[in-house]
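Nothing in this text is a laboratory measurement; each read-out follows from the coordinates by a stated rule. On a predicted model such as this, the values are computed, not experimentally measured, just so you know. In this analysis, Cβ positions are derived from the backbone assuming ideal geometry, glycine residues included, and neighbour counts consider all displayed protein chains.
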Amino acid sequence: MQRLCARFGVSRTPVREALKVLAAEGLVRLIPNCSAVVEPITLAKIDEVMPIVGALEILAGQLACAQVNALMLSRLEALHERLAHHFRHGEERAYMETADAICSVVFAVAANDSLSKIHQMLLRQLRWSHVADRAPPEWSKAAEEQEQMLRALQVRDADLWTLLASRHLRHRTALLRLAFSPVAKLKALARAQSRQVARKAG
């Protein structure tokens with residue numbers, strides 16, 4: 001904690017309160033007399049949390065089907081056009097950013113603040129922002145399902161949304177499992193060690 005205080009030029013109290021917030025969101029674990037440690041992302045953690053994320057996204061879509069208006073549909077359709085453009089041009093990061101924007105709009109249409117906050121908190125726990133810079137392994141199927149999910153919103157079919165969203169969850173899960181598999185962690189460690197050796201050599 002002393003290093004954090006020195007780095008940010010603040011007293012222990014705000015740092016302690018910030019760590020409590022992070023611990024409440026499952027991002028760090030507080031250890032007596034040892035400040036805090038970052039909670040690791042394991043495959044078991046992914047398999048535990050992702051069904052909950054999926055359930056929240058299904059519920060958000062069901063609410064959106066009942067409440068979406070012409071203005072928000074127009075916004076979603078424009079985002080889907082961008083999504084298709086990024087897919088056709090192989091722009092993985094832009095595709096994923098747009099897919100996340102679409103998800104955010106669906107939650108906004110659902111108009112349930114608690115639902116949105118829990119969803120965002122769980123994605124932070126899984127470090128989704130560190131993963132969402134590459135397309136899922138089954139990219140073409142993911143893009144096709146995105147179009148079908150838009151159709152469900154356009155015709156306000158909550159049952160169709162439920163079916164499609166439950167299927168679509170596998171793409172996010174696959175990306176997380178790839179990023180946090182033991183092999184991926186070993187590769188990341190090797191890259192970090194290589195950079196450290198290069199800095200020392202330079």
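What to note about this one:
- Along the axis of the charge dipole computed for segment 43-180 (Cβ charges of +1 for Lys and Arg, -1 for Asp and Glu, origin at the Cα centre), the listed residues A60, V131, L160 are led at the positive end by V131.
- Contour minus Cα-Cα distance for E97 and A111 (0.36 nm per residue): 2.9 nm
- Contact order, relative form, for segment 43-180: 40 percent (alpha carbon pairs under 8 Å, 6 or more residues apart, mean separation divided by residue count).
- In order through segment 161-169: 3J(HN,Hα) via Karplus (6.51 cos²θ - 1.76 cosθ + 1.60), integer Hz, x for Gly, Pro: 4, 4, 4, 5, 5, 5, 6, 5, 4
- Couplings for segment 149-160, taken from phi via the Karplus curve 6.51 cos²θ - 1.76 cosθ + 1.60 with θ = phi - 60°, read 5, 4, 4, 4, 5, 4, 9, 6, 9, 5, 5, 5 Hz in order; Gly and Pro are left as x.
- Inter-probe distance in nm under a simple model that places probes 7 Å from Cα toward Cβ, at S74 and W139: 3.2
- Per-residue 3J(HN,Hα) values for segment 126-140, derived from phi via the Karplus relation 6.51 cos²θ - 1.76 cosθ + 1.60 with θ = phi - 60°, read 8, 6, 4, 4, 7, 9, 7, 10, 9, 6, x, x, 9, 4, 4 Hz in sequence order (x marks Gly and Pro).
- With the simple model of a label 7 Å out from the Cα in the direction of the Cβ, A44 to A84 spans 4.5 nm.
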